[in-house]
Amino acid sequence: MTAAARYLSPSEAARRLGISAKALRLYEERGLVTPARTPAGWRAYGVAEMARCTEIVALRMLGLSIGEVARILRGDAAILARVLAAHEAALEERIRQSGDSIARVRRLRADLGSGKLPATREVIGAVSERPSVGVAFDLPWPWGGERFELREIRLLNYIVGPLGSGKTRLAQRLAEQLPDAAFVGLDRATDGGAAVCAQLEADPALKARVDDSLATLIAGGAAESPALIVLLATLHADGPAILVIDMLEQGLDGATQEALIAQLRCRGPRARPLFFLTRSSAILDLDAVGSDEAVILCPANHSVPTSVTPVPGAPGYEAVATCLAPPEVRARTEGMVASLARRS
């Protein structure tokens, strides 16, 4: 094998890592990896660079932001402790769930052994981790009553679509149909957060949860703002079992969006599910979507919203990707998009 053969081009390196070339370039821009250069100046990835990228990809799959990955690779003990604690909690929850399932199966086997035939629904419940249909309902206008089914409600559920595709109507309908759910609109911070600040002062336990979450986010690169505090108060308040949030990124800069979505991914398996609209590629990084996350696309032609597998080439993937923009672009067009939305 020649020396040149031991190096990979960016496209080949990305293919072997299972990520996009765009993600690979982002790792370089953030200083996480420094590819070698050919005599002609082209990027090249050798054994050391590929090993580093493999670590980065694995850490990103845990739901960590780019900033958190950088700190872990530098040996930041605080971030490592938080990640391990979240993983330990997830493992303990899986053990508890497995124990419950084993007990149910043993009980059914004992019934069979004594000549009692269990009902079909009991058998299905014992061998299924989730219900076959999470929610199903007839869609409102502009879909004209077509049936929508979401077979699995994940911890994080992204709602994406172009302007005028009906995302907000779908979100509001979901909040009406999901059990114990609430819709959180864009008016959540119209008073600059004054009402929420008063709520926090009146509820020390909620304030403590918000302060703790805010400190973690700031450590991960987030910037404190009224919009962030209002959102955190909404996320940490006691109340509905499911939240449906309009434009999760509203009022948050790029670094804050990255830190926020990383924190939401680390909440643990018993956290309440979240549905949220987004147009930000920082909130919905298609290369980082985990196994307990779902992407719902509202097509421009008002066909039935559909779940999209976040893998290049999958049906709907390109449509989702074209709906997303980096935070800095979203910030520049925020007023224009809001104006168009009011007119539509």
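For region 88-117, a residue qualifies if it is open to solvent by less than 90 Å² (accessible area, probe 1.4 Å) and at pLDDT below 80, and the qualifying residues are Ala89, Ala90, Leu91, Glu93, Gln97, Ser98, Gly99, Asp100, Ser101.
Put simply, of Val304, Val289, Val295 the only residue that is within 26 Å of Gln177 (Cα to Cα), surrounded by 22 or more Cβ atoms within 10 Å (Cβ to Cβ) and of a type in the set (Val, Ile, Thr) is Val295. Within region 207-226, residues that are farther than 18 Å from Ala77 by Cβ reach partners that are exposed (fewer than 14 other Cβ atoms within 10 Å of the Cβ) with beta carbons closer than 8 Å, at six or more positions or on different chains, in the pairs Lys207/Glu201; Leu214/Glu224; Pro226/Gly192. Scanning region 191-228 for residues that are open to solvent by less than 60 Å² (accessible area, probe 1.4 Å) and among the β-branched types (Val, Ile, Thr) gives Val196, Val210, Thr216. Filtering region 237-260 to residues that are part of a helix (DSSP H, G or I) and either touching a strand residue (DSSP E or B) at 6+ places or on another chain (Cβ under 8 Å) or in contact (Cβ under 8 Å) with a residue 40 or more places away in the chain (or both) leaves Gly254, Ala255, Gln257, Glu258, Ala259, Leu260. Please tell me if Leu62 is within 18 Å of Pro269 (Cα to Cα), at pLDDT below 85 and in contact with a His (Cβ under 9 Å, 6 or more places away or on another chain). Here the answer is yes, as Leu62 does meet what is asked. Looking at Gly18, Gly31, Gly41, just one residue is of a type outside the set (S, T, N, Q), open to solvent by 30 Å² or more (accessible area, probe 1.4 Å), within 19 Å of the chain's Cα centre (by Cα) and modelled with pLDDT of 80 or more, and that residue is Gly18. Taken over region 145-185, the criterion of being open to solvent by 10 Å² or more (accessible area, probe 1.4 Å) and in a strand (DSSP E or B) is satisfied by Arg147, Glu149, Ala181, Ala182, Phe183, Val184.
Apart from one condition, Gln263 fits all of (1) in a helix (DSSP H, G or I); (2) polar (S, T, N, Q); (3) open to solvent by less than 50 Å² (accessible area, probe 1.4 Å); (4) more than 30 Å from Asp76 (Cα to Cα); the exception is (4). Kindly list the number of the only condition in (1) within 25 Å of Arg71 (Cα to Cα); (2) in a helix (DSSP H, G or I) that fails for Thr234. Thr234 satisfies every listed condition except (1). Of all residues in region 2-15 being at pLDDT below 90 and surrounded by 13 or more Cβ atoms within 10 Å (Cβ to Cβ), which is farthest from Met61 (Cα to Cα)? Residue satisfying both the conditions and the ranking: Tyr7.
Scanning region 148-184 for residues that are in contact with a strand residue (DSSP E or B) (Cβ under 8 Å, 6 or more places away or on another chain) and closer than 11 Å to Pro305 by Cβ returns Phe148, Glu149, Leu150, Ile159, Val160, Gly161, Lys167, Leu170, Ala171, Arg173, Leu174.
The values are calculated or read from the model by the stated rules, or taken from the named source; none is laboratory data. Quick caveat, the model's predicted, so the values are computed rather than measured. Positions of Cβ are backbone-derived with ideal geometry, glycine not excepted, and every protein chain shown enters the neighbour counts. Heads up: the accessible areas ignore ligands, DNA and RNA and are worked out on the full protein's heavy atoms, side chains in. Shrake-Rupley method; radii C 1.70, N 1.55, O 1.52, S 1.80 Å.
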